[in-house]
Structure formats: structure tokens, C-alpha cells
Amino acid sequence: MVWNYCPLVFMEESGKNRTPDKLPAAERSDLFAPCDAALAGVVDIIEPRMVIGVGAFAAKK
């Protein structure tokens with residue numbers, strides 16, 4: 001199963017993906033709490049043997 005920590009996509013004007021950790025602090029604070037809760041809920045329901053974060057940001061979360 002693949003789960004995206006944040007189901008929203010943030011794009012630079014160039015089309016490059018902007019990870020949530022690169023958002024302004026005010027935007028991050030409102031975004032991380034529901035994303036953390038959703039991730040924890042999925043892990044509780046699915047009960048995986050292992051969770052792998054792909055990319056530096058995801059690995060930290």
C-alpha cells in the first residue's frame with residue numbers, strides 16, 4: 001500500500017513539487033496536525049509490519 005503523508009500537491013511555478021516542509025511556517029502549522037493524525041490512523045487500521053518513508057521529508061515523518 002502507498003500512502004502520501006499529505007494528500008495535497010504543492011507546486012512551484014516551475015512545476016517542481018514542493019514538499020510540505022518547504023511551505024511557510026504559518027501554513028505548515030495548520031497542515032501537519034491533520035496529516036499526522038491521518039497517517040497515525042492509517043497505521044492503526046492497517047497494522048503494517050513496516051512503514052517506509054520515501055524521501056527525506058517522509059522518512060522524518
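FYI, it's all coordinate maths here, none of it is from the lab. Bear in mind that the values here come from a model prediction, so they are computed numbers and not experimental data. Note: ideal-geometry Cβ built from the backbone for every residue, glycine included; neighbour counts use all protein chains shown.
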For this session: Could you work out how far helix 25-46 tilts from the main Cα principal axis of the chain, as a 0 to 90 degree angle to the nearest 10?
Result: 20 degrees
For this session: Using the number of other C-beta atoms within 10 angstrom as an exposure proxy, rank Ser14, Ser29 with the fewest first.
Result: Ser14, Ser29
For this session: Please name whichever of Trp3, Ala26, Gly41 sits farthest to the positive end of the charge dipole of the chain, dipole taken about the Cα centre and charges placed at Cβ: Lys and Arg +1, Asp and Glu -1.
Result: Trp3
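Only sites in a loop by DSSP and with at most 14 other Cβ atoms within 10 Å count here; which GluC sites (Glu not before Pro) in the stretch 6-59 make the cut? Intermediate values should be presented prior to the final figure.
Numbers: sites: Glu12, Glu13, Glu27; in loops: Glu12, Glu13.
Counting only loop positions with at most 14 other Cβ atoms within 10 Å, the GluC sites (Glu not before Pro) in the stretch 6-59 are Glu12, Glu13.
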